[in-house]
Every structure is written in C-alpha cells, then in structure tokens.
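Novice: Here it is, the structure, as structure tokens.
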Amino acid sequence: MSIKPSEVTPEPCFQLKGKSMLNLADWAPEEVEYVLNHAIEMKKGKESPFYSRYENALGGQTLGMIFEKPSTRTRVSFEVGMFQLGGQAIYLNTNDIQLGRGESIEDTAQVLSRYVDAVMIRTHAHETLTRFDQYANIPVINGLCDLYHPTQVLADLLTIKEHKGKLQGLRIAYIGDGKNNMAHTLLLGATMMGMDMTVASPDDDLPQADIYEKAKEMATQSGAQLHLTTDPHAATKGVDVVITDVWTSMGQEDEQEARMKRLEPYQVNTDLCSHAATDYIFLHCLPAHRGEEVTADIIDGGHSVVFDEAENRLHAQKALLYAVMSR
Ligand code: CP
Ligand code: NVA
C-alpha cells in the first residue's frame, strides 16, 4: 500500500522523543499511527520523499539490548535497524552482564543511562521493565515480556495495513493461547486501531482479566467490537485476518504436554480457515511449530504473510526508534 507524504506528520503535536514503550496501551492511537506511517515511508527506502530525513537520524546514538530470553527476529531487526539509522546496538545477554549475577535492576538502569541513548529489554516479568524505566532517564522499549510484545504488534499492524489498506473496521480472529504476550498485545493494538477482534481459547487460556478490561475500554473509545469464545470455528467466520501463536511460550516448557492436549482443537488448519473471508490473511509472529498451532499448508500457503510480517519488524522498529530517539 502506498501512503501520501502528507500522512506523515512532519511536526506532530505530541512529543514522542524520550517516550518509553513498555505497553502499547500507554500510547495514544494517533501516536501509534504516526509510527506506522513513518514505517511505511521507511520501507520505501530511497523512493520515500523523507529518505534524507531518516538517513543518519540516529548518528552517534547507541541502543542497549538486554536479553533474558532467546531471540532471532527481535535481536537482528533492532540491531540492523539502529545501523541503518546511523547508530549502533549493543547486545547484552543477562548471562554475561552483572544483572545476571544479582546486580539490581535499579543500578543497572542508572548505569546504562550514562552510556546508551535507549534500552530494549526482553525479559520474563513486566515488572522488570517498569522498574528499569523508573530508574532510567532514557527510553525503554519492551522487546517481549510474559505479558506483552508491543514491537511485534506494531509490525503486525503495519503488515495488516500494508495488505488490506486500512485497519479500522477490519475483523481479526486470534486463535489459541489467549493468555500469552501476543494475545494480550493484539487485544490492545487491534481495539485501539478500531479493529473488531475475537479471541478463541480454551477456558484455561483466556486473556488476563485486567488486560481484557483495558481492551474493552479501548474498543469503546474506537468503536470496535470485542468478543471472547471457546469456539474457534465461530471466531473465524468472515474474518479478514487469522492469527495465532505458539501454544507454549518461552518459560512455559514444563507445561508443554498439558498445553498441547488442551489447545489441540485450536489448530489453525484448512478446515478452520474455510470460515474466513476469501481474501483473508494469516499472521504468526514466528517462531512457528508446523503441525501444532498451525498446519504447513496454511503457514506456507497463499494467504500467509508471515515473512512480510517478520520483515516489518525492521521497518516498524526503525520508525519507533526514530520517534523516541531522533533529535
Ligand atoms: N517474533 C519474535 O519476537 O521473534 P524472536 O523471538 O525470534 O525475536
Ligand atoms: N508467545 C511467544 C512469542 C515468541 C515471539 C513466546 O513468548 O515465546
């Protein structure tokens, strides 16, 4: 999809420089829209009339990247993104820094604030991010925690906008583990942007109540519809977007067997997708487990946009870094 240059606000009336992204719900819809519009422009490369503005926009700046869990996409896209904007990124695995040996989050936040210009953290507890943010005087970006995955959902929104030309009014079905970081963040991101969303999950895997309530509030503000069901077939009826995620998230490996059993009826396969709109798109943040949450014919089939989605991590995050870090 192409976007008119006028849709990229040159001087937004809101201030994003210095703003952290711990939870998508902390950002206003117009701020998220601003990031998405810049991401669309950045993806055009030299074809964009804004190219010169982005080139070297983060020259001399450094992003610290703290990882407590493994990553392919998040690590590589943030590192490449910083490089493409003229800055650099430093990979900090918690096993290799003093944080992993018990140095406090508060001290680490204050020390890193003296060296780097922003920090991205992938961690277990959301509280690690909020405590770090409280003691850091630089922007802190959530690169996934047990509750949320905002930078992935920015890329998902970008991918949907790119393929469908809009977000408002579209219908999206999330099928599977409704209580994980992806389900939670999609609930917030979709309702914030005015998309009708249905989550289909077993009773034991429904979204966390306070997050669902927040999404309901956002749906009321945007005019979106929000539904929860245990029936994946009803959820998929007529939808424009089908999305799923792994049944066992990082850190839940001990529960794998029980989860597989519980979530088996929620597999995204040809039968399930036959209820969706004829031009539906399939998304998955990856890594995927073919034969578990999704069959190979769906994820490798004509409706799947998962590799555009993975690529869009780079563009969406560059736009986010530009928004919160550029001078
Ligand atoms: N989707 C995603 O966050 O992938 P990684 O775990 O590889 O970073
Ligand atoms: N829900 C998954 C997302 C991986 C990118 C996990 O937390 O493992």
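The values are calculated or read from the model by the stated rules, or taken from the named source; none is laboratory data. As the structure is a prediction and not an experimental result, all values here were calculated from the model. All Cβ positions, even for glycine, are placed from backbone atoms using ideal geometry, and neighbour counts span all protein chains on display.
Novice: I'm trying to understand the selection: among the residues of region 180-200, which are touching a Ser or Thr at 6+ places or on another chain (Cβ under 7 Å) and within 20 Å of L272 (Cβ to Cβ)?
Specialist: N180, M197, T198, A200
Novice: How many residues are more than 16 Å from ligand 1 (Cβ to nearest atom) and hydroxyl-bearing (S, T, Y) when one looks only at region 242-268?
Specialist: The number of residues fulfilling the criteria is 1.
Novice: Of everything in region 275-297, what is within 23 Å of K166 (Cα to Cα) and more than 16 Å from ligand 1 (Cβ to nearest atom)? Give them in sequence order.
Specialist: H275, A276, A277, T278, D279, Y280, I281
Novice: Output the residues belonging to region 106-127 that are surrounded by fewer than 21 Cβ atoms within 10 Å (Cβ to Cβ) and either in contact with a His (Cβ under 8 Å, 6 or more places away or on another chain) or free of Cβ contacts under 8 Å to residues at least 40 places away in the same chain (or both).
Specialist: E106, D107, Q110, V111, S113, R114, A125, E127 - these are the residues of region 106-127 that are surrounded by fewer than 21 Cβ atoms within 10 Å (Cβ to Cβ) and either in contact with a His (Cβ under 8 Å, 6 or more places away or on another chain) or free of Cβ contacts under 8 Å to residues at least 40 places away in the same chain (or both).
Novice: For region 34-46, state whether one or more residues are at pLDDT 95 or above, within 27 Å of I105 (Cα to Cα) and in contact with a Lys or Arg (Cβ under 8 Å, 6 or more places away or on another chain).
Specialist: no
Novice: Quick check on my filter: what residues within region 288-327 are buried (at least 24 other Cβ atoms within 10 Å of the Cβ) and of a type in the set (S, T, N, Q)?
Specialist: Once the filter is applied, which keeps residues that are buried (at least 24 other Cβ atoms within 10 Å of the Cβ) and of a type in the set (S, T, N, Q), region 288-327 yields N312, Q317.
Novice: Which residues, taken from region 267-287, are buried (at least 18 other Cβ atoms within 10 Å of the Cβ) and within 14 Å of ligand 2 (Cβ to nearest atom)?
Specialist: L283, H284, C285 - these are the residues of region 267-287 that are buried (at least 18 other Cβ atoms within 10 Å of the Cβ) and within 14 Å of ligand 2 (Cβ to nearest atom).
Novice: Okay, moving on. Considering only residues of region 138-150 that are surrounded by fewer than 24 Cβ atoms within 10 Å (Cβ to Cβ) and closer than 21 Å to S326 by Cβ, which is nearest to ligand 2 (Cβ to nearest atom)?
Specialist: Looking at residues that are surrounded by fewer than 24 Cβ atoms within 10 Å (Cβ to Cβ) and closer than 21 Å to S326 by Cβ, I get P139.
Novice: Does I298 qualify as being within 21 Å of A155 (Cβ to Cβ), within 19 Å of the chain's Cα centre (by Cα) and among the β-branched types (V, I, T)?
Specialist: Spelling it out, it is not the case that I298 is within 21 Å of A155 (Cβ to Cβ), within 19 Å of the chain's Cα centre (by Cα) and among the β-branched types (V, I, T).
For every residue, the table says whether it meets (1) buried (at least 24 other Cβ atoms within 10 Å of the Cβ); (2) modelled with pLDDT under 95; (3) of a type in the set (K, R); (4) away from ligand 1 (no atom under 16 Å from the Cβ).
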residue	(1), (2), (3), (4)
Y135	no, no, no, yes
Q152	yes, no, no, no
K161	no, no, yes, yes
K166	no, no, yes, yes
L170	no, no, no, yes
T185	yes, no, no, no
M197	yes, no, no, yes
D204	no, no, no, yes
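Novice: Restricting attention to region 288-307, which residues are in a strand (DSSP E or B) and more than 12 Å from I243 (Cβ to Cβ)?
Specialist: R290
Novice: V239: more than 16 Å from ligand 1 (Cβ to nearest atom) and in contact with a Lys or Arg (Cβ under 6 Å, 6 or more places away or on another chain), yes or no?
Specialist: yes
Novice: Of the residues that make up region 67-85, is at least one within 14 Å of ligand 1 (Cβ to nearest atom), in contact with a Gly (Cβ under 6 Å, 6 or more places away or on another chain) and hydroxyl-bearing (S, T, Y)?
Specialist: The answer is yes, given that some residue of region 67-85 is within 14 Å of ligand 1 (Cβ to nearest atom), in contact with a Gly (Cβ under 6 Å, 6 or more places away or on another chain) and hydroxyl-bearing (S, T, Y).
Novice: Also, quick follow-up: What are the residues in region 41-82 that are β-branched (V, I, T) and within 16 Å of the chain's Cα centre (by Cα), if any?
Specialist: T72, T74, V76
Novice: Quick one: would you say I90 is away from ligand 1 (no atom under 16 Å from the Cβ), surrounded by fewer than 17 Cβ atoms within 10 Å (Cβ to Cβ) and of a type in the set (V, I, T)?
Specialist: yes
Novice: With region 58-135 as the region, which strands (runs of 3 or more DSSP E) entirely inside it contain at least 1 residues that are away from ligand 2 (no atom under 16 Å from the Cβ), farther than 30 Å from H284 by Cβ and not β-branched (V, I, T)?
Specialist: Those strands (runs of 3 or more DSSP E) span 88-93.
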